[in-house]
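The structure under discussion appears below in the form of structure tokens.
The values are calculated or read from the model by the stated rules, or taken from the named source; none is laboratory data. Predicted model, so just to flag it, every value in this text is computed and none were measured. Because the Cβ atoms are built from the backbone with ideal geometry, glycine has one as well, and the counts that use them run over all protein chains shown. Remember, those area values only see protein heavy atoms, side chains included, never the ligands or the DNA or RNA. Shrake-Rupley method; radii C 1.70, N 1.55, O 1.52, S 1.80 Å.
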Amino acid sequence: LLTSMFSVMLTTDGMFIKKNSVNATNNNINDVSSDSNMFVLLVDAVDSVSFKKVLDNSQYKNIFNDFTYYPDTLSNYAYTRDAIPSLLSGVLNDNTYNYYEYYDKALNNSKLIDELVKKDYKINLYESELEYISNKMEYLDNVDIINSNLNLYKYFVHETKYVGYKYLPFVFKKYIKVENMNFNMCKNIKNDKSFVWKNKNNYDNFINTNLNIIDDKYFSFIHLEGAHYPFSDENFNYNNDSIYDDKLLATAKVIDAFINRLKDRGVYDNSNIIVLSDHGFDDKGNGN
């Protein structure tokens with residue numbers, strides 16, 4: 001096993017680590033247009049039926065009074081990594097490409113981005129695990145391409161998992177969870193400008209930061225923590241007593257803060273707002 005591990009690590013071509021990396025920053029997240037806005041709030045791991053049930057019995061039950069609810073919609077994928085490029089493009093992953101190739105293929109063929117560019121929208125994509133580095137990058141106003149260095153310890157850990165999963169006896173494989181997205185954690189690209197998806201970070205920003213009114217048309221896609229595990233209470237405190245419904249209330253609190261500040265600045269009526277999820281949740285903490 002050790003021979004295999006070191007052989008693989010010495011001969012790897014670095015397919016999981018790109019020389020240049022993309023980083024979604026917080027730039028423009030508090031901008032809003034006096035002309036026309038389009039906001040997409042993606043709340044992670046939220047099942048629509050459960051969410052509505054919780055909302056109907058809470059103080060947030062009226063936040064979607066102006067919205068149309070589609071209870072029978074379903075995401076294409078059970079995991080965020082495939083769902084987001086699919087949602088932004090309509091392009092499906094048929095597993096003929098590796099994940100990074102699919103992400104590029106999807107966004108490069110995104111008619112949504114093409115239409116936004118055609119209509120002169122400023123486009124902002126707030127996604128902390130952004131893996132897109134191809135020809136439409138120039139249209140994303142909040143995304144930086146940077147030279148990233150490698151956290152060797154994290155890379156060693158994840159590479160070891162891959163080697164172990166391939167070469168260990170079958171009885172041990174079930175104890176090793178591998179996913180190529182894990183290699184995102186090997187890139188040292190985080191800084192104080194990086195977008196953070198946590199509910200509390202975004203809630204604090206929504207209630208404490210004034211909106212900046214701009215003349216340009218504005219598009220913003222924001223991937224929020226939503227009801228993703230681990231669970232917190234409504235006030236974003238993580239503890240062992242919190243359950244899924246508590247995290248749904250925290251999600252509603254963030255959305256409520258977002259909508260109310262649009263109303264306070266008088267730009268709610270010239271804004272198109274879509275709230276959706278990438279996948280649902282089951283009692284084992286998995287997407288569905």
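Could you list all residues from region 199-228 that are of a type in the set (Phe, Trp, Tyr) and in contact with a helix residue (DSSP H, G or I) (Cβ under 8 Å, 6 or more places away or on another chain)?
Hits for region 199-228 are TYR203, PHE206, PHE219, PHE221.
How many of the residues making up region 229-246 are in contact with a helix residue (DSSP H, G or I) (Cβ under 8 Å, 6 or more places away or on another chain) and either under 16 Å from PHE64 (Cβ atoms) or assigned to a helix (DSSP H, G or I) (or both)?
Number satisfying all stated conditions: 2.
Would you tally the residues in region 80-95 being open to solvent by 20 Å² or more (accessible area, probe 1.4 Å) and over 17 Å from ASP114 (Cα atoms)?
6
Can you pull out the helices (runs of 4 or more DSSP H) entirely within region 81-179 that have at least 2 residues that are closer than 23 Å to VAL43 by Cα and touching a residue at least 12 places away in the same chain (Cβ under 8 Å)?
Those helices (runs of 4 or more DSSP H) span 99-108, 111-118.
When region 81-109 is examined, which residues are found to be modelled with pLDDT of 90 or more and within 13 Å of the chain's Cα centre (by Cα)?
Of everything in region 81-109, those that are modelled with pLDDT of 90 or more and within 13 Å of the chain's Cα centre (by Cα) turn out to be ALA83, ILE84, PRO85, SER86, LEU87, LEU88.
For region 206-233: of the residues being charged (D, E, K, R), over 19 Å from the mean Cα position of the chain (by Cα) and closer than 28 Å to ASN272 by Cβ, which is most open to solvent (accessible area, probe 1.4 Å)?
For region 206-233, the residue satisfying everything is ASP215.
Would you tally the residues in region 123-146 being out of contact with any Lys or Arg (no Cβ under 7 Å at 6 or more places or on another chain) and either over 13 Å from ILE84 (Cα atoms) or modelled with pLDDT of 95 or more (or both)?
The number of residues fulfilling the criteria is 16.
Test ASP66 against the criterion of being part of a loop (DSSP other than H, G, I, E, B) and at pLDDT 90 or above, and give yes or no.
Against the criterion (part of a loop (DSSP other than H, G, I, E, B) and at pLDDT 90 or above), ASP66 qualifies.
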